[in-house]
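> Handing you a structure now.
Just so it is clear, none of the values below were taken in a lab; they were calculated from the coordinates. The structure presented is a predicted model; accordingly, all values stated were derived computationally and were not measured. FYI the Cβ positions are ideal-geometry reconstructions off the backbone, even for glycines, and counts take in every protein chain you see.
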Amino acid sequence: MPLTIEQAIARIPFLKDAKDIKTTELKGGITNLNYKIESGGKAYVVRITGESTGLLGIKRDVEYASNKAAGELGIAPEVYYFIEPEGYLVTRFIQGKRILPEEMATPYNIRRVVRKLRLYHTRAPEVKGEFNVFRRVEHLIKISKEHNSKFPFDFDWIMQMMRGVEEALAKDPIPAAPCHCDLLNLNFLDEETPGEIGEVKILDWEYAGMGDIFFDLGNFCHHHRFSDELVQVLLQEYFGEVTPKVFAHLKLMWPMSTIHEAMWGTTQTGISTLDEDFQGYADLWFARTREAMIDPRWPQWLKDVAKK
């Protein structure tokens with residue numbers, strides 16, 4: 001059983017004896033419970049991880065190492081404590097505002113986020129955890145089948161298309177780098193900085209690991225439904241140029257990311273006890289996967305990404 005928030009606070013050295021603690025539950029998450037803790041004029045966030053999250057492939061020690069590194073680089077809220085063995089994080093509370101999807105879909109905000117991602121990809125230390133989307137999808141398929149989850153009628157075709165992408169990428173592989181791997185809109189905050197432009201912070205590092213940087217880029221793009229023109233802006237900012245190869249790599253990893261999202265929902269239908277429409281979530285992302293895979297440019301992208 002997870003700890004209560006009171007039990008968790010009692011395990012945090014700099015909070016356990018405090019007399020002025022104020023606790024507020026933060027809404028918005030599905031898998032975990034998050035609480036704002038105020039004491040001594042400071043504010044923290046304590047994450048109580050959900051049950052059965054290990055079945056989703058989440059490793060809390062890797063999350064801790066990734067969030068810690070990102071905090072030290074100014075990309076994420078700083079980590080103040082790690083409650084073991086439960087794997088609960090204590091981070092700085094960020095006073096900020098959401099960057100709404102329509103606001104994110106501008107060259108200005110895309111460039112701001114891309115600078116943070118490139119900084120993490122190039123400067124963060126390696127972590128002892130892998131995020132290979134192909135292996136992760138296979139893991140989620142296994143767990144889903146064990147829990148009698150429902151698969152779409154054309155799942156074999158989707159898997160055939162996914163294997164084609166993996167084979168094309170294997171012809172000219174790139175080194176794995178530290179990645180976030182879950183760049184949905186709710187995981188961004190614009191921190192309020194008095195007298196200055198806000199600072200973008202990236203939250204929720206539970207899926208972080210060593211992976212393909214194009215998974216992060218494609219994941220960010222598909223969660224915000226960027227047009228090809230905005231994808232070009234992103235790639236120009238990240239690489240300094242837009243070549244057919246990098247464009248193809250992102251456009252192929254985009255549906256790999258949506259497959260992962262769909263399989264996350266499929267797995268949750270079998271293991272979660274929450275009152276959420278996980279089947280509807282899975283169906284939505286499978287539909288978006290199909291849309292991406294029937295793009296007439298798909299065969300050319302497979303050729304472009306394989307070129308050395």
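> Rounded, prolate or oblate: which fits the stretch 83-154 when a ≥ b ≥ c are the square roots of the eigenvalues of the alpha-carbon gyration tensor, with rounded for a/c under 1.5 and prolate only if a/b beats b/c?
Since a/c reaches 1.5 and a/b is larger than b/c, the shape of the stretch 83-154 is classed as prolate.
> Then there's this: Note the full-extension length gain between residue 273 and residue 38 as 0.36 nm times their separation in residues minus their Cα-Cα distance, in nm to one decimal.
So the chain would gain 81.6 nm between residue 273 and residue 38.
> Still on this structure, please answer the following. Looking only at 61, 275, 190, which one moves most when the chain is put into a Gaussian network model with springs between Cα atoms under 10 Å?
275
> Alpha carbons only, please: Rg and Dmax for the stretch 97-306, in angstrom.
Answer for the stretch 97-306, Rg first and Dmax second: 17.1, 55 Å.
> A further question on this structure: What nm distance separates the two modelled labels at residue 97 and residue 291, each placed 7 Å from Cα along Cα→Cβ?
My value for the distance between the label points is 2.8 nm.
> Sticking with this one: If contacts are Cα pairs under 8 angstrom and at least 6 residues apart, what is the relative contact order of the stretch 97-306 in percent?
Answer for the stretch 97-306 is 29 percent.
> Could you go through the stretch 143-153 in sequence order and give the Karplus-derived ³J(HN,Hα) for each residue, using 6.51 cos²θ - 1.76 cosθ + 1.60 with θ = phi - 60°, rounded to whole Hz, and x for Gly and Pro?
My calculation for the stretch 143-153 gives 5, 4, 5, 5, 10, 6, 6, 8, 10, x, 4 Hz in order.
> Let me ask you something else. What is the sum of charges, Lys and Arg at +1 and Asp and Glu at -1, for the other residues whose Cβ falls under 13 Å from the Cβ of residue 85?
Overall, the nearby charge balance is 0.
> Just to confirm a number: summing +1 for Lys and Arg and -1 for Asp and Glu over residues other than residue 119 whose beta-carbon lies under 14 angstrom from that of residue 119, what do you get?
+3
> Spelling out what I want: for every residue of the stretch 216-232, take phi, set θ = phi - 60°, compute 6.51 cos²θ - 1.76 cosθ + 1.60 (Karplus), and round to whole Hz; glycine and proline get x.
4, 5, x, 4, 4, 5, 6, 5, 10, 6, 5, 6, 4, 5, 6, 4, 4
> Let me ask something else. For the chain, what is the mean residue ellipticity at 222 nm derived from helices alone (per DSSP H run of n ≥ 4: -39500 (n - 2.57); sum divided by total residues; nearest 500 deg cm²/dmol)?
That comes out to -15000 deg cm²/dmol.
> If you don't mind, there's one more thing I want to ask. Comparing 263, 293, 253, which has the greatest mean-square fluctuation in the GNM of the chain with Cα pairs linked when under 10 Å apart?
Of 263, 293, 253, the most mobile in the Gaussian network model is 293.
> Let me ask something else about it. Who wins for biggest fluctuation among 212, 295, 182 in a Gaussian network model of the chain, springs between alpha carbons below 10 Å?
Answer for the Gaussian network model of the chain: 295.
> Are any of the pairs 59/201; 36/128; 22/42; 245/303 more than 18 Å apart by Cα-Cα distance, and if so, which?
59/201; 36/128
> May I ask you to list the GluC sites (Glu not before Pro) in the stretch 113-143 that are in a DSSP loop and have at most 14 other Cβ atoms within 10 Å of their Cβ?
Of the GluC sites (Glu not before Pro), the ones in loops of the stretch 113-143 whose Cβ has at most 14 other Cβ atoms within 10 Å are 126.
> Another question about this same structure. Looking at the chain, what % of its DSSP beta bridges pair antiparallel, to the nearest 5?
95 percent
> Have a look at 159, 306, 187 and report the one farthest towards the positive end of the charge dipole of the chain, computed about the Cα centre with Cβ charges (Lys/Arg +1, Asp/Glu -1).
Farthest along the dipole direction, towards plus: 306.
> Quick one: net charge of residue 177's neighbours, Cβ under 12 Å, K/R +1, D/E -1?
Charge balance in the 12 Å sphere: -2.
> Measuring from centroid to centroid over Cα atoms, what is the spacing of the stretch 234-308 and the stretch 1-57 in Å?
A separation of 33 Å, based on Cα centres.
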